[in-house]
Structure formats: structure tokens, C-alpha cells
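Here the structure is laid out as C-alpha cells; the discussion comes afterwards.
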Amino acid sequence: MNIIGVLFLIAVAYAKHEEYQGWKSYYVTPYSMDDLKFLRSLDVQYDLDFLGHPTVGGEGLVLVKPEHQEGFLKTLDNTNIVYRVHSEDVASALRQDDEDIKRRARTLSRNAVRLPYNNYQRLAEFDNYLEDVAKRYPDKATLVTAANSFEGRPIKYIKISSTNFADPRKKVIMIDGGIHAREWISPPIVTWAIHKLLEDVTEPDLLENFDFILLPIVNPDGYEYSHTNNRWWRKTRSTGSSNLSSYCPGVDGNRNYDFAWNKVGTSPNVCADNYAGNRAFSEVETRVVRDLIQEYLNRMVMYLTMHSYGSMILYPWGHDGSLSHNALDLHAVGIAMAEAINKEALPIFPKYVVGNSVQVIGYAASGAAEDYAHSVGVPLAYTFELPGLRGGLEGFNLPAQYIEQVCRETWSGIVAGLRRISLQ
Ligand code: ARG
Ligand code: ZN
């Protein structure tokens, strides 16, 4: 390569993540409910992005734009909210992370047939894997393209059944991932379930009792965008919801479901990360999930949606913190899943906490998937907040070396939950 080429590559490396040039991230800990509320109220004023949500006495992580750093810190200094710097230079931390991922990619064996779990994969790898595994197990697996995303990418899911979904006594389990683009640990959890049901079967009885719908990436446009343009992209990439939406594309998929839509924990600002869209189910991506829930509703006993991070298993109602009629059941199965995970998890991960969404995560949000599923009749509906790690570019960037560990332990949790259901 000539010198121009080298200079060009250096320029590109620097340009990457330039939208985060000058941003810093801070750990923030409020010690009273008032401080917590105050901290949340700063969201709008300083255009904050909470990567980890604070609780009373619990550390949150917040991204702050260059122009708001002084004001934000001055405001915090007048409160009892404790803060410390997490990253002085978010853009270069992101670049460092890219380097780590590239280094791992080079060590990958060239002809690995299966989806690798020692690194994060692009959408094409997931799509290839789904095609391939469905072809290798035609008796049990069916690959379906439910629809195309806003930008035209196929949204694929796999149906797995030993009786071709024809046995009405079997209960249907649905698991989805990747509705929030930046939560990269989510999709591999769903493909690991496919792997364990087809390729590496250690629980052969599961398919005797259950049929599975597995949808690894609900939001392929956002997922790709989080790899190519903005590591912390969360939403879809749709435009057209308002005059402003071509400047600020995207809707928060997990605010777009038709349950108490746009009531709480949402923003009217199209540019906000929790913009709910201009109507419930405005997004083709959430309509795909809705249609699957509806199609199998009479047999669907469990719906799981994979998010990160926080090591939590959350159940309805997430819009107001009240408990459902079957909250005891939700709690018991949730505990069974969490205990199985906690038993297997590495000590570096926080222990899982199980409970009502609002009470455990500390904020209310309406229009979310698990609430919707439960409201239309799925008895056991949960949001998983998969583990993240403190240190480095933490949280959404669970270091790639832990992907497989988290897949294994989460699968153990799911199996424990299913075993409990079988007893009922
Ligand atoms: N982190 C998830 C989100 O903000 C949590 C959703 C919990 N569920 C709920 N119904 N609020 O989308
Ligand atoms: Zn999420």
C-alpha cells in the first residue's frame, strides 16, 4: 500500500466514532429517591444518555456531550449525588474496543461452520447461520422471513418442533433478541438456544413438551448501524414518523408496543432514544413480534425478550409497577431461572435479581414487549437484562471472551424455567 493509502486508513480510523469526540462518561450514584428523580430529570436539560440506569444507592453510567459537561457537573456538585469519571475520552475508548474485536476476528478459524461465539458477529453471519442450520435439520427446523425491516433487511426467525407445530398439546415458547441495537449480547443468546435444541442436544425432552419460535434479531437495521456508524445506537432506523424524523431516524422498539402506549418513560422528541413512534406498532419490526405472539397465542406459555445490561429478570407490569394476577407464578418461574443462572455464572458477574420491572430496574416505561405479550394473554412474559461488566467500555460491550459463558448460563436459566413449567 502506498503512503496515501496508509494516510487514508489512519484518517478513517480516526473518523470512526467521531460523533463521540469530546464526550465523557460518568458513574453517578444518587442516595435518595429525590436525588434519583432529580438525576433523571436532568436527562432532557443536558440531553443525557443513560447507558446504565442508577437506582437509590446504585451506580448508573451516563454519557455526556462536550457542550453539557460543565453544566452537568456544576449541577451535580450542588446535590448529594456522587459521581466519578468513567471515560475521559469516549471516542478513543470506542476505537480501542474496535481494535480488540478486530484482533479476535483475525484469530478465528477460517472455516468455522457454526456461528462463532468468541466474538460479536455482523447480521450476515447470523443470517448465514440461520439458513445453514435450518437446512441441516429440516425435520425439526423451519426458517421463515417474517417481513423486511424498514431499510429492507429480512427479519428471520426459526421455528423448531419435533411435530411440525401440529400437536395442540405442546406449549409454545418464544424468545427474541436484538430489538435494541447496541445490546450485542442479546442475539447470540437466541442463536445459542437454536444450537442447543438442534446441534448440541443435552435436553432431548424439551422438544417433547414444547415448540419454539426463535427470533435472534428483531431490529436488523439498528443492529447493523451499531456496527457501522454508532456503537450506541438503540432504536430502529425508520423515517417518516414526523417532519423531523429524517434528521433523527428511529423509534425505540421497546416503547412501540400497544400496551399503555406512549404513557410513561417515553419522549415526544423524535431524536430521543426512548421515542415511542407516532403510533403503537408504527414499526414493521415490532409488528413482526406482535404477529408471532398473536399467531401462537392459544399455546404460547412463555415469551422472553433479551436485553442488556443489568443481570435482571423483569416481569409485568412495567408501565406502573403494579403486579399481575399471576405475579406469584411469574416470580416463582423467574426465581427458578435466576437461581440456575446464578449457580453457573462467573463470580465477576453480579447476581441476577428477579422482580417487577419497575421495582427492579427503577423506572417505569410503557409500550414494552413483555407487558404487551402479557396483556394479550401470554402468562409468563419476561424481559431479561443480560450481564454487563464494569470497567473498560463496559455494559453494552460485554467483552467478547464472555459471550459463550453468558449464552451457556442463560440457557441453563431458560431450561430451569421450562422444567418448572412442565411440572405445572
Ligand atoms: N431496559 C428495558 C427498556 O428500557 C426495560 C424494559 C422493562 N419493561 C418494562 N415494561 N418497562 O426497554
Ligand atoms: Zn434494551
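Partner aspartates and glutamates whose Cα lies under 20 Å from the Cα of residue 135, excluding those fewer than 8 positions away in the same chain, are identified as 125, 127, 199, 200, 211.
Cβ neighbours within 10 Å, averaged per peptide: list 358-365, 44-51 in order, most packed at the top. Let's see the in-between values first.
Working: 358-365: 18.4, 44-51: 16.2.
So the peptides 358-365, 44-51, ranked by packing, come out 358-365, 44-51.
What's the Kirkwood radius of the chain in Å, using all Cα pairs? Before the final figure, lay out the partial values.
Values: mean 1/r = 0.0453 Å⁻¹.
Result for the chain stands at 22.1 Å.
Residues whose amide H falls under 5 Å from that of residue 275, counting only those 5 or more places apart or on a different chain, are 252, 267, with hydrogens built in the peptide plane.
Looking at segment 23-88, I'd like the Rg to Rh ratio, where Rg is from alpha-carbon atoms and Rh is Kirkwood's inverse mean 1/r. My calculation of the ratio gives 0.91. All other residues whose Cβ lies under 9 angstrom from that of residue 267 are scored, Lys and Arg at +1 and Asp and Glu at -1, for a net of -2. Between the amide H of residue 365 and those of 319, distances stay under 5 Å, these residues lying 5 or more places away or on another chain, with hydrogens modeled in the peptide plane.
Of the residues 15, 276, 93, the one that moves most in a GNM of the chain with alpha-carbon contacts below 10 Å is 15. Look at where the Cα atoms of segment 117-174 and of segment 35-55 average out, and the two centres are 38 Å apart. Computed on segment 140-261, with alpha-carbon pairs under 8 angstrom and 6+ residues apart, the relative contact order is 28 percent. Between residue 323 and residue 88, residue separation times 0.36 nm minus the direct Cα-Cα distance comes to 80.5 nm.
Peptides 18-31, 143-156 ranked from most to least packed give 18-31, 143-156, packing being the mean of other C-beta atoms within 10 angstrom over each peptide's residues. For residue 86, nonlocal amide neighbours, meaning residues 5 or more places apart or on other chains whose placed amide H falls under 5 Å from its own, are 25, 26, 27. Phi-derived couplings, Karplus 6.51 cos²θ - 1.76 cosθ + 1.60 at θ = phi - 60°, listed residue by residue for segment 349-360: 8, x, 5, 5, 10, 10, x, 4, 3, 5, 5, 7 Hz, with x used for Gly and Pro.
Fewest-first ordering of 55, 266 by other beta carbons within 10 Å of each residue's beta carbon gives 55, 266.
In order along segment 361-373, phi translates into HN-Hα couplings of 8, x, 9, 8, 8, 9, x, 8, 5, 5, 5, 4, 4 Hz, rounded to whole numbers, per the Karplus curve 6.51 cos²θ - 1.76 cosθ + 1.60 with θ = phi - 60° and x for Gly and Pro. Packing order of peptides 69-82, 241-254, highest average first: 241-254, 69-82 (average count of other Cβ atoms within 10 Å over each peptide's residues). Each other residue within a Cβ distance under 14 Å of residue 136 adds +1 if Lys or Arg and -1 if Asp or Glu, for a net charge of -2. Spin-label model, residue 200 to residue 70: label points 7 Å out along the Cα-to-beta-carbon direction sit 5.4 nm apart.
Residue 79 versus residue 102, label points 7 Å from Cα toward the beta carbon: distance in nm? Each label point lies 7 Å from its Cα, and together they span 3.9 nm. Which residue, 237, 287, 84, tops the fluctuation ranking in a GNM of the chain built on C-alpha contacts under 10 Å? Residue with maximal mean-square fluctuation among 237, 287, 84: 84. When the P(r) is computed for segment 243-399, the part past 26 Å accounts for 30% of the Cα-Cα pairs. Think of it this way: in the chain, 407 stand alone, with no other Cys Cβ under 4.7 Å.
Once you order the gyration tensor axes a ≥ b ≥ c over the Cα atoms, which shape class does segment 310-424 get: rounded for a/c under 1.5, otherwise prolate or oblate by comparing a/b with b/c?
Working: a/c = 2.26, a/b = 1.36, b/c = 1.66.
Oblate, because a/c is 1.5 or more while a/b does not exceed b/c.
For segment 336-421, trypsin sites (Lys or Arg not before Pro) are listed when DSSP marks them as loop and at most 15 other Cβ atoms sit within 10 Å of their Cβ; the list is 351, 390. By the beta-carbon count within 10 Å of each Cβ, the least crowded to most crowded order of 190, 415, 264, fewest first, is 264, 415, 190.
Taking a sphere under 15 Å around the Cβ of residue 329 and counting the other residues whose Cβ falls inside, with K and R at +1 and D and E at -1, yields a net charge of +2.
Bear in mind these aren't lab numbers, they're just calculated from the coordinates by the rules spelled out. It should be emphasised that the depicted structure is a prediction, and the values quoted were computed from it without experimental measurement. Neighbour counts run over all protein chains shown; Cβ positions are idealised from the backbone, glycine included.
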